[in-house]
Amino acid sequence: MTWDWGAVRDFMPHFWDGLLVTLQALALGSLISFALGLVWALLMQTPGLPHARTNSRGWYPLVRWPVGIVTEFIRDTPLLVQLFFLFYVLPEWGLTFSALTTGVVAIGLHYSTYTMQVYRAGIEAVPTGQWEAATALSLPPTRTWTAVILPQAIRRVVPALGNYVIAILKDTPVLMAITVLDMLGEARLFSQQHFQFTEPLTVIGVAFVLISYPASLLLRALERRLVR
């Protein structure tokens, strides 16, 4: 087996197109997972926490149980199955989106069930005295959450959320299954057209390392800074 630099040169324009799609899926999927995960976490407040005593016990189970069932179902089924469901089944119900949009939604929805647990851990880690101080100051619930609880909770969970960004990056190749031409999709298409597999697959493998490793170093530095 010989290495063909000409194949690398020919593949690079396709690689940059695939890299752009991969980064789009990564950024948008991460934003959806972070935002939706926070919504899930707020709807799944633990009754034992001090703030839960301010909630109405009448409607609380009616909200928590459905959310718990939905998030558990999403977390316990493979991302690829969810991807196929959104891409092939939803059009039969009159909901049609582009392949990239479907992939982004699937990734964001899937990982939101994991970021939800991260947010819940951060909320539960906020000292009880913070809740009591907010109550003593007669802060309304909205002000308590936005000014006291969430800033402290989110600061604690930023490193863990960053780890999921890397996980999402490594899962973006599954989008190839629904015809999204990300890095792997471009490499596969180029390989089939030119019968050269080693060079394009090696290039995208190196690209994933060059993106993931600096990101992990950045997360470690951020974690040390937040600890201080």
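Derivation of every value follows stated rules applied to the coordinates shown; laboratory data play no part. Being a predicted model, the structure only gives us computed values, none of them experimental. Reconstructed Cβ throughout: ideal geometry from the backbone, glycine too, with neighbour counts over all protein chains shown.
Restriction of the chymotrypsin sites (Phe, Trp or Tyr not before Pro) in the stretch 177-220 to DSSP coil positions whose beta-carbon has at most 13 other beta-carbons within 10 angstrom yields F195. Normalised by the number of residues in the chain, the mean separation of alpha-carbon contacts (under 8 Å, six or more apart) gives a relative contact order of 32 percent. Could you list log10 I(q)/I(0) for the stretch 181-228 at q = 0.13, 0.21, 0.25, 0.31 Å⁻¹, which the Debye formula gives when each Cα is one point scatterer? Summing over Cα pairs of the stretch 181-228 leads to -0.44, -0.69, -0.83, -1.02. Anyone know which of W93, W145, W16 comes out most mobile in the 10 Å Cα GNM of the chain? So, out of W93, W145, W16, the one fluctuating most is W93. The HN-Hα couplings worked out from phi for the stretch 190-205 by the Karplus form 6.51 cos²θ - 1.76 cosθ + 1.60 (θ = phi - 60°) are 4, 5, 5, 6, 10, 6, 10, 9, 4, 5, x, 5, 5, 4, 6, x Hz, whole numbers, x standing for Gly and Pro.
Charge tally around F15: other residues with Cβ under 14 Å, Lys/Arg +1 each, Asp/Glu -1 each, net -3.
Note the direction-averaged projected area, equal to a quarter of the hull surface, for the Cα convex hull of the chain, in nm².
Details: hull surface 63.8 nm².
That works out to 15.9 nm².
To the nearest 20 debye, what is the magnitude of the charge dipole of the stretch 181-228 about its Cα centre, counting +1 on the Cβ of each Lys and Arg and -1 on the Cβ of each Asp and Glu? Don't skip to the end; give the middle numbers.
Values: 5 positive and 4 negative charges, 94 e Å.
Dipole about the Cα centre, nearest 20: 460 debye.
For Q196, what charge total do you get from the other residues with a beta carbon under 10 Å from its beta carbon, if Lys and Arg give +1 and Asp and Glu give -1? Show your work: numbers first, answer last.
Working: positive: none; negative: D4, D10, E199.
Cβ neighbours under 10 Å give a net charge of -3.
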